[in-house]
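All remarks here apply to the structure that follows.
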Amino acid sequence: MNRATAEKHGLVDGDFVWVTSHHSRIKVPVRTMEGVNPNTVWTWNAIGKRKGAWNLPKDAPEGEQGFLLNHTISELLPPEKDGYRYSNSDPVTGQAAWYDLRVRIEKAAETEQACDPSFPPLERPPGMPDRPDVLRFEAGGRKQPWDRRPDPRAGRRAAS
Amino acid sequence: MTCLPAPFPGQKKLGLVIDLDTCVGCHACAVNCKEWNASGHSGPLSDFEAKSDGVWFNRVHTYEAGEGEASRTVHFPRSCLHCEEPACVTVCPTGASYKRAEDGIVLVNADTCIGCKLCSWACPYGAREFDEDDGVMKKCTLCVDKIYNENLPEEDRQPACVATCPASARHFGDLGDPNSKVSKLVAERGGYDLMPEMGYKPVNKYLPPRPKKTGASCGSKASEEFSLIDLAERRAAKDEIAVKTGAEPTLAKADGKGAAFLRWADRVLSR
């Protein structure tokens with residue numbers, strides 16, 4: 001969120017805030033910046049992951065600090081006078097309306113310094129192999145660092 | 001401990017020119033670099049879960065500079081600058097780090113590298129990447145296996161980071177030739193060296209961000225409401241000028257059918 005707006009709310013980087021919409025609320029850490037409209041807060045879509053999801057370690061930043069906006073966004077807008085609830089989508093294109101949610105920001109208490117909601121970690125599905133500690137993409141057939149081979153790509157390219 | 005090749009007149013100095021004005025910080029350079037080099041002679045470029053980090057020849061840092069209205073976000077892509085006097089080479093005890101005489105590319109011979117990391121201490125730009133899994137130092141090769149690769153079509157013979165940049169913020173060429181496209185670009189845009197005070201004479205150049213536009217032209221004034229009507233009026237004004245100069249109008253005048261449609265669309269969308 002905008003730094004000046006954050007100052008008005010008494011917030012600094014890393015503080016946790018409750019973000020409340022007409023639908024629900026989430027508790028998330030704040031990061032301040034200059035390059036955003038003072039009345040807009042934003043985050044990346046799907047930056048958060050449930051602990052253990054995607055075979056990430058259970059203490060991965062995606063699960064500990066990451067969060068999802070989804071909880072605050074309803075498929076339907078609040079009811080009209082006659083009770084009818086319009087779809088929460090752009091009237092012209094039908095595209096889901098993710099960019100115009102009105103929210104309220106409140107500083108979270110000192111004792112509440114963690115993301116909310118938080119779900120228990122996912123267990124590894126049966127049969128899934130151990131997660132490697134070192135990823136070696138495209139290691140090819142090379143077994144040892146000293147077992148150096150000619151560039152395999154050059155050969156493949158020449159053949160094609 | 002390792003000697004540099006003697007410079008000679010007309011020497012080729014291959015390098016990159018990186019435009020900080022158009023870089024949008026998308027990290028495509030870093031990803032395509034890793035994609036190419038992981039499967040080349042430097043590969044694999046290991047990733048370490050414990051550190052949430054790995055070997056990356058390109059890294060993009062994003063900063064905010066200034067405050068309030070005057071602030072701007074700068075995306076700063078960082079890779080080896082292929083210095084003319086690279087301390088990372090002269091500090092190498094085994095001769096594994098070397099600078100090529102023919103084009104100035106700084107490379108590491110992984111077969112003779114002992115992984116002492118002296119070069120990473122010597123490089124002030126943080127361009128050296130130690131692969132703990134392989135036990136050797138790795139770095140940007142300026143895609144030496146790509147730029148001279150005759151199996152590739154000629155237009156593909158440029159570094160992976162340059163080929164992929166969607167903002168065309170990266171340019172590759174011979175900075176030793178004052179008439180090359182990249183040298184002209186540097187002269188035109190005031191390209192500069194990174195930390196010239198260190199004395200390593202980096203070959204890569206950075207083009208500075210251009211001054212920020214202010215006022216209605218870029219919509220930075222919060223008081224100025226932007227609407228389709230404004231757009232229609234502005235276009236109509238432009239068309240009047242166009243009519244006077246005999247050019248084709250871009251859209252119907254404000255009192256024409258086009259403007260009526262825009263007024264309707266404006267009304268519908270602002271409900």
Which part of the range A:63-96 falls in the paramagnetic zone of B:SER52, meaning amide N under 13 Å from the point 7 Å along Cα-to-beta-carbon? A:63-67
Take every Cα pair under 8 Å in chain A that's 6+ residues apart, average their separations, divide by the length, and report that relative contact order as a whole percent. 26
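Give me D for the range A:40-102 in µm² s⁻¹, whole number, from Stokes-Einstein with Rh from the Kirkwood sum over alpha-carbon pairs, 25 °C and 0.890 mPa s.
Values: Rh = 13.9 Å.
Rounded to a whole number, D works out at 176 µm²/s.
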Along the dipole axis of the range B:14-152 (charges at Cβ: +1 for Lys and Arg, -1 for Asp and Glu; origin at the Cα centre), the most positive-end residue among B:CYS123, B:VAL60, B:GLY40 is B:CYS123
Point-charge dipole on Cβ atoms (K/R +1, D/E -1) for the range B:14-207, about Cα centre, debye to 20: 260
The range A:61-92: which GluC sites (Glu not before Pro) are DSSP loop and have at most 16 other beta-carbon atoms within 10 angstrom? A:GLU75, A:GLU80
Measure off 7 Å from each Cα along the Cα-to-Cβ vector at A:ASN70 and A:VAL12, then give the distance between these two points in nanometres to one decimal. 3.5
Please get the size of the charge dipole for the range B:1-52, origin at its Cα centre, with Cβ charges of +1 on Lys and Arg and -1 on Asp and Glu, quoted in debye to the nearest 20. 280
What list of ³J(HN,Hα) values in whole Hz, one per residue of the range A:92-98 in order, does the Karplus curve 6.51 cos²θ - 1.76 cosθ + 1.60 (θ = phi - 60°) give from phi, with Gly and Pro shown as x? 8, 9, x, 5, 3, 8, 9
With θ set to phi - 60°, apply the Karplus curve 6.51 cos²θ - 1.76 cosθ + 1.60 along the range A:114-124 and write out the HN-Hα couplings as whole Hz, x wherever there is a Gly or Pro. 7, 5, 9, x, 10, 10, x, x, 6, 7, 5
Karplus ³J(HN,Hα) for the range A:6-21 (6.51 cos²θ - 1.76 cosθ + 1.60, θ = phi - 60°; Hz, whole; x = Gly/Pro) runs 4, 4, 4, 8, x, 10, 10, 3, x, 5, 9, 10, 8, 10, 10, 10
Between B:THR62 and A:SER118, what's the calculated FRET efficiency when r is the beta-carbon distance and R0 is 30 Å? Round to 0.05. 0.60
Given the pairs B:LYS184/B:LYS213; B:LYS117/B:LYS181; A:LYS81/B:LYS257; B:LYS99/B:LYS146; B:LYS138/B:LYS201, which are separated by over 27 angstrom at their Cα positions? B:LYS117/B:LYS181; A:LYS81/B:LYS257
Can you list residues from other chains, or at least 5 along the same chain, whose modelled amide H is less than 5 Å from the amide H of B:PHE130? B:LYS138
Spelling it out for A:MET33: with amide H atoms placed in the peptide plane at 1.01 Å from N, the residues 5 or more places away or on another chain with amide H under 5 Å from its amide H are A:ASN2, A:ARG3
Chain A - charge dipole about Cα centre, Lys and Arg +1 at Cβ, Asp and Glu -1, debye rounded to 20: 860
Counting partner chain Cβ atoms within 10 Å of every residue's Cβ in B:38-49, what's the average? 6
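Values in this text are rule-based calculations from the coordinates and carry no lab data. Computed from a prediction, not measured in an experiment: that's the story for all the values here. Every residue, glycine as well, gets a Cβ built from its backbone with ideal geometry; the counts of neighbours run over all protein chains shown.
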